[in-house]
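What follows is a single structure, written as structure tokens, with notes after it.
Values quoted throughout were computed directly from the atomic coordinates according to the rules given, and no laboratory measurement underlies them. Keep in mind it's a predicted model, so treat the numbers as computed, not measured. Methodologically, a virtual Cβ is constructed for each residue, glycine included, from the backbone with ideal geometry; neighbour enumeration extends over all protein chains shown.
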Ligand SMILES: [Cu+2]
């Protein structure tokens, strides 16, 4: 009887392992992306998101592009003597099994020259190109800033 119980336990745990290995997560995930709404005529908008690296490799975000903007750069807002200024970064590093948060007052996408006025409720297609030619396409909604 005891042997049978152990055997059934073995079956259940084996099936659980199979189920887990089949529910594969994407190597790179984009969580909660948004672009801050800007006044009409703004020449730049800021985009935010969490980029999750589920892989065992360190990765680099090399570039971002969108048909809705002329150019996208990576910036980090840094405070010095009580004033914020933005430092451009050529790329962003995301360690294995780690994530990077793009958020107000920190890293962000600096999205230049929108091709049309973007309002809350609009959304924008953005392509992110990582190391090893991994490309992630994401749809980013425009939202009013929430503090
Ligand atoms: Cu910026």
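Here are the numbers for this structure:
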read-out	value
Added length on full extension, which subtracts the Cα-Cα distance from 0.36 nm per residue, residue 113 to residue 135	5.6 nm
DSSP beta bridges in segment 28-143 [antiparallel fraction, %, rounded to 5]	90 percent
Simple label model, 7 Å out from Cα along Cβ direction - residue 98 to residue 32, nm	2.0 nm
